[in-house]
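This report refers to the structure that appears directly beneath it.
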Amino acid sequence: MKKVFKKSLGIIPYLILLISFILIISLTISLKKGETPTILGKAIFLVVSPSMEDTIHVNDVIFVDTTVNNYSVGDIVTFKAYFDSNNDGSYEWNDITHRIIDVNIIDGVEYYTTKGDNNGFSESWEIDFTSDLIIGKYVGKSALIGSVYKFIFSEGINLIFIIIIISFVAIGAMEIFEIVKQLSMQKQKVILEEKERLIQEELARLRALKEEKDK
């Protein structure tokens, strides 16, 4: 039973490695397609704007469920918005997390309008947009993970990669520990075998002396 348990534990590092490898491939494909990387239907974002305070704060890490298909007034959603975020004339796509304040249905198509809890009005780029721009629904946050994220990375790296990096570090540490352990056991075995050999030689010498004395 113990041997089976030990063998099961030995598989864990390789299982983690396999999962990490699959995640890397999945994330790489998503990034190349311009999609948001997810794990089990969840996306992770770092908040950089105070627009949703006091519900969500700057440097919080938020978790977004990308499997949700229906959205209602009051839901907090993360969506793609095309606007000049730096006020320098350069328009680009941005990931925004705001609360839905209105839903209009025109010819069977739902049009959403959002607003930040801390904002006095809705921006032009968040009025009457369709669900194809919505990444997912906000389901939770973590200020602690956000602090760690900000400490480790200053910009441009999704938190998902932190998980992968930590997994590889953990696997490497476990493998190094196992190698050191095996080398130590092998060294101890050699030492014990050498001691046993010396003991047997000494016993043989003593027996020979005794036999010589008894003659």
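Of the numbered criteria (1) modelled with pLDDT under 90; (2) within 19 Å of ILE44 (Cα to Cα), the one ILE171 fails is (2).
For the stretch 69-87, state whether one or more residues are under 26 Å from LEU144 (Cα atoms), in contact with a Gly (Cβ under 8 Å, 6 or more places away or on another chain) and modelled with pLDDT of 95 or more. Within the stretch 69-87, one or more residues are under 26 Å from LEU144 (Cα atoms), in contact with a Gly (Cβ under 8 Å, 6 or more places away or on another chain) and modelled with pLDDT of 95 or more.
The values are calculated or read from the model by the stated rules, or taken from the named source; none is laboratory data. Values in this document were obtained by computation on a predicted structure and should not be read as measured data. No Cβ is skipped: glycine too gets one built from the backbone with ideal geometry, and neighbour counts run over all protein chains shown.
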